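Following: one structure in structure tokens, then a few remarks.
The values are calculated or read from the model by the stated rules, or taken from the named source; none is laboratory data. Here the structure is a predicted model, which is why all the values come from computation and not from measurement. With ideal geometry, Cβ positions are generated from the backbone for all residues, glycine too; neighbour counts draw on all protein chains shown. For the accessible areas, the whole protein counts, side chains as well, though only heavy atoms, and no ligand, DNA or RNA atoms are used. Shrake-Rupley method; radii C 1.70, N 1.55, O 1.52, S 1.80 Å.
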Amino acid sequence: MTKLQPQFRNELYKAQVTITNHTLSGLLLIKEMPDKSMRVVFSTEMGVKFFDFEFMENGEFKVIDILKRLNKKVVITALRQDFELLLMQERGKIPFKVRTNELYFYHGYEKGKKQAWYLTDMSCRNLMGAELSSTRKPLVQLRYFHQNPGSPDSIYINHLNFKFNIALKKLDR
């Protein structure tokens with residue numbers, strides 16, 4: 001799975017986040033830092049930060065900054081899980097289960113009481129998406145859309161148990 005992991009070095013995305021009946025739009029930066037940690041910063045185009053998170057290589061998570069209205073445990077937890085899934089924080093671990101259907105191979109990783117599933121095509125050459133699920137049902141679906149190797153051109157994250165979606169479209173710089 002490590003060779004299929006998207007390469008986020010210094011990527012900028014146009015972002016639209018929908019939480020219940022509120023929509024936030026702006027820029028999302030995913031940047032690998034010199035210490036191999038990853039920073040995820042979402043701000044308006046004018047530079048006002050909605051949030052700034054740091055994901056350390058050892059799995060630790062740190063909130064650097066967050067807008068007061070978003071500073072709720074449930075929101076931070078959901079965003080953390082979404083970006084851990086996106087960044088493939090399970091890299092280097094061995095899947096606990098592998099399943100298949102007519103379209104995908106599902107590579108499953110334990111994530112506390114939940115499971116992270118990474119979907120590849122049947123030849124295991126292309127990462128198609130990811131899912132976070134409980135023992136009974138999928139909770140979050142993530143889809144990658146590639147045109148070139150490396151980081152995805154577009155990413156869509158959809159929460160299935162409440163209205164919370166993140167749409168990202170890569171900007172050329």
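Structure notes:
- Every residue from region 133-159 that is in contact with a His (Cβ under 9 Å, 6 or more places away or on another chain) and more than 29 Å from ARG173 (Cα to Cα): LEU139, VAL140
- Qualifying positions in region 150-173 - out of contact with any Pro (no Cβ under 7 Å at 6 or more places or on another chain), free of Cβ contacts under 8 Å to residues at least 24 places away in the same chain and open to solvent by 60 Å² or more (accessible area, probe 1.4 Å): TYR156, ASN161, ASP172
- Test: residue in region 148-157 that is over 18 Å from the mean Cα position of the chain (by Cα), modelled with pLDDT under 90 and within 25 Å of LYS36 (Cα to Cα): yes
Residues are listed down the side, and each one gets a yes or a no for (1) under 17 Å from VAL140 (Cβ atoms); (2) open to solvent by less than 50 Å² (accessible area, probe 1.4 Å); (3) of a type outside the set (Asp, Glu):
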site	(1), (2), (3)
ASN21	no, no, yes
SER25	no, no, yes
VAL40	yes, yes, yes
THR44	no, yes, yes
VAL63	no, no, yes
LYS72	no, no, yes
LEU79	yes, yes, yes
LEU86	yes, yes, yes
LEU127	yes, yes, yes
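- Positions within region 12-31 being more than 14 Å from LEU79 (Cα to Cα) and either in contact with a Gly (Cβ under 9 Å, 6 or more places away or on another chain) or modelled with pLDDT of 95 or more (or both), in sequence order: LEU12, TYR13, LYS14, SER25, GLY26, LEU27, LEU29, LYS31
- Some residue of region 165-173 being under 20 Å from ILE30 (Cα atoms) and at pLDDT below 90: yes
- Single match in GLY59, GLY47, GLY108 (criterion: under 21 Å from ASN158 (Cα atoms), free of Cβ contacts under 8 Å to residues at least 60 places away in the same chain and either out of contact with any strand residue (DSSP E or B) (no Cβ under 8 Å at 6 or more places or on another chain) or not β-branched (Val, Ile, Thr) (or both)): GLY108
- Of the strands (runs of 3 or more DSSP E) lying entirely inside region 1-72, those carrying at least 3 residues that are more than 13 Å from PHE83 (Cα to Cα) are 10-19, 22-32, 61-66.
- Any hit, region 117-125, residues being assigned to a strand (DSSP E or B) and farther than 24 Å from THR18 by Cβ: yes
- Taken as a whole, the condition of being modelled with pLDDT of 90 or more, part of a strand (DSSP E or B) and surrounded by fewer than 18 Cβ atoms within 10 Å (Cβ to Cβ) applies to ARG143.
- Residue check, SER134 without any contact (Cβ under 8 Å) to a residue 12 or more places away in the chain and exposed (fewer than 13 other Cβ atoms within 10 Å of the Cβ): no
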